[in-house]
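Enquirer: Once you've had a glance at the structure underneath, I'll fire off some questions.
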Amino acid sequence: MRFKDFKYQRPSLERYKEQISDLLAAFTDESTLEEEVKAIRKSFEIEDTLDTILGIASVRHTIDTKDEFYRAEKDFADENMPLFQEQSQALLMKIYNSRNREGLEAEFGELLFKQVELQLKTFKPEIIEELQQENKLSSEYDVLKASAEIKFDGNTYNLSGMGKFTTDKDRETRHKASLAVSNWYAENETRLDEIYDGLVKVRNRIAKKLGYENFIQLGYDRLGRSDYDYRDVKRYRDQIFDSVVPLVKRLIERKGKRIQINDMKSYDLNLSFLSGNPTPKGDSKWQLNHAKDMYSEMSEQTKAFIEMMTEKELLDLDTKPGKQGGGYCTFFPDYDAPFIFANFNGTSHDVDVLTHEAGHAFQVYLSKDQIPSYRWPTLEAAEIASMSMEFLAWPWINKFFIEDTDKYKFSHLAGAISFLPYGVAVDEFQHAIYENPELTPEQRKSTWREIEKKYLPFKDYDDDKFLERGGFWFRQGHIFAAPFYYIDYTLAQVVAFQYWIKAQENHQQALSEYIDLCKLGGSKSFVELVKTANLKVPFDDGVVSRIITPIKNYLDSVDDMEL
Ligand code: ZN
């Protein structure tokens, strides 16, 4: 069955209540382990069906945000999810307090109970109204951004569509395109400030109601982080500041020489080569065909995976009006089907989607038979699968980039390193915001600008007054929709670098270790997964510096002036 044939029918809260109450009845003072295991397995099926149905609505809404039907269904989900959650919460409580706890832990693993504990801590029926508000504000941010129509060079583009102009070879085009994007955010500044202020305040209220001091620990708990805390993350950010920021400064100096600009401005940072950034040498169909060849040659598992994805039409790659920006991967449990969403725009980013999002999809495909809450790991571990696949694709990357292959490899690695300071800046910003939820919009912007100057000292905004005032973070959707998530990309990147290092030595071995990690899904927590996969944990002192050394050496060995 193809994606377009997947059936959508609005889920019934009443029916769900009945199903859950049937299961609740299985937990009594006399229920046996066997009965409880059976009820829990049944609850997994119910959960999978609900996830599938909500996922279908959400994906179809993001493909066309102007479609009235799925917009209404998305609104329905935003409003009613907390009510569904209230029901499943009652069941979780029973499971958590079961008299057969030991037997259940043996059956499903201890992690499930840690996850349940976090879910019980982070949700109480008293916060339903606030959760609804939070969902609504967060969706409003997405819809507002998707509505952007930017006039440029005689055409109209959405925000994703502007991407290619901000990396144009011509400096004036880059400059004007960056200003046009900035202007759109400046025009919507008041509403964006209101949305974010609403989000920060409602999250702070939720935290207080749940008994937290502020939103920070709640943010960590929501992300299911069970084996590290804000102190580990702070130590890690310090490592990035000490070891990576100086390296990135040097990379930008090299870039300035390469593109013959000695007064590098923020709008120059996206261009890597005077002859233009590496680009894939064909359209989305052409690229998808090469992706098929690549995954077919890579391994038996990746071959079966890509055949299934294309046969069932589980990829929506082209950018079009009304389509939500960005890219993601999701999974429909009832169809055993991952789904990849992207906005191809002719840049090398398109290929990153076919490796990155495909990495996510491949991981969930390999762990589809895990219990629902072990199918995906926590988000920082999920990104290991995607970012490592970007590196494991290197031996085939010439299929896409032809004469630009060396350029791509250099800028892929340099870009991954250069991303780290920005990633931790976004994290430090959010810690500052939720520690001080009463900051005004102006204070928030100046806080951002200060942190930006610490981690990204080379960012010169030139005549862009909006960004100079500290408005850059408006474009980082994670700050609105998924607080504290962003650092996960950097943690995963540092882990993924280790696969790059391993693959340099022995690709076959690296790939097989990677596949073993993917199969574990989320059956272990982040630090445990990393250790089990024979990788170094980024929080540990000195790890960041040790991992980036071979990468720095590789980059040093490339004569980038020749690229
Ligand atoms: Zn990802």
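The values are calculated or read from the model by the stated rules, or taken from the named source; none is laboratory data. In this text the structure is predicted, and so the values were computed from the model without any measurement. Cβ coordinates were reconstructed from backbone atoms using ideal geometry, including for glycine residues, and neighbour counts include every protein chain displayed. All accessible areas refer to the heavy atoms of the entire protein, side chains included, with ligands and DNA or RNA removed. Shrake-Rupley method; radii C 1.70, N 1.55, O 1.52, S 1.80 Å.
Enquirer: Any residue in the stretch 345-359 that is within 16 Å of the ligand (Cβ to nearest atom), under 21 Å from Ile515 (Cβ atoms) and among the hydroxyl-bearing types (Ser, Thr, Tyr)?
Expert: So far as the stretch 345-359 goes, yes, one or more of its residues are within 16 Å of the ligand (Cβ to nearest atom), under 21 Å from Ile515 (Cβ atoms) and among the hydroxyl-bearing types (Ser, Thr, Tyr).
Enquirer: Separate question: Quick one: how many residues across the stretch 26-64 are within 25 Å of Gln324 (Cβ to Cβ), more than 20 Å from the chain's Cα centre (by Cα) and among the β-branched types (Val, Ile, Thr)?
Expert: Qualifying residue count, the stretch 26-64: 2.
Enquirer: Give me the pairs: first residue in the stretch 481-497 and under 12 Å from Ala385 (Cα atoms), second residue of a type in the set (Val, Ile, Thr) and within 11 Å of the ligand (Cβ to nearest atom), beta-carbon distance under 7 Å, and six or more apart or on different chains, which are they?
Expert: Ala492/Ile384; Val495/Ile384; Ala496/Ile384
Enquirer: Could you identify the single residue in Asp460, Asp488 that is more than 28 Å from Phe305 (Cα to Cα) and of a type in the set (Asp, Glu)? Full working, then the answer.
Expert: Numbers: Asp488 fails: more than 28 Å from Phe305 (Cα to Cα).
None of the other options fit; the residue is Asp460.
Enquirer: What tally of residues in the stretch 308-342 results from selecting those that are aromatic (Phe, Trp, Tyr), open to solvent by 30 Å² or more (accessible area, probe 1.4 Å) and modelled with pLDDT of 95 or more?
Expert: Total satisfying the criteria: 1.
Enquirer: A follow-up question, please. Say whether the condition of being closer than 30 Å to Phe108 by Cα, more than 16 Å from the ligand (Cβ to nearest atom) and surrounded by 14 or more Cβ atoms within 10 Å (Cβ to Cβ) is met by at least one residue in the stretch 491-502.
Expert: Checking the stretch 491-502: not a single residue is closer than 30 Å to Phe108 by Cα, more than 16 Å from the ligand (Cβ to nearest atom) and surrounded by 14 or more Cβ atoms within 10 Å (Cβ to Cβ).
Enquirer: So which residues in the stretch 292-318 are under 21 Å from Asn343 (Cβ atoms) and out of contact with any Phe, Trp or Tyr (no Cβ under 8 Å at 6 or more places or on another chain), if there are any at all?
Expert: Lys292, Met309, Thr310, listed by residue number.
Enquirer: Listed residues Ser525, Ser557; which is open to solvent by less than 50 Å² (accessible area, probe 1.4 Å) and either within 24 Å of Gly415 (Cβ to Cβ) or polar (S, T, N, Q) (or both)?
Expert: The match here is Ser525.
Enquirer: Condition test on Val364, is it in contact (Cβ under 8 Å) with a residue 40 or more places away in the chain, within 16 Å of the ligand (Cβ to nearest atom) and in a helix (DSSP H, G or I)?
Expert: Against the criterion (in contact (Cβ under 8 Å) with a residue 40 or more places away in the chain, within 16 Å of the ligand (Cβ to nearest atom) and in a helix (DSSP H, G or I)), Val364 qualifies.
Enquirer: Do we find a residue being modelled with pLDDT of 95 or more and within 21 Å of the chain's Cα centre (by Cα) anywhere in the stretch 457-473?
Expert: Yes - at least one qualifying residue is present in the stretch 457-473.
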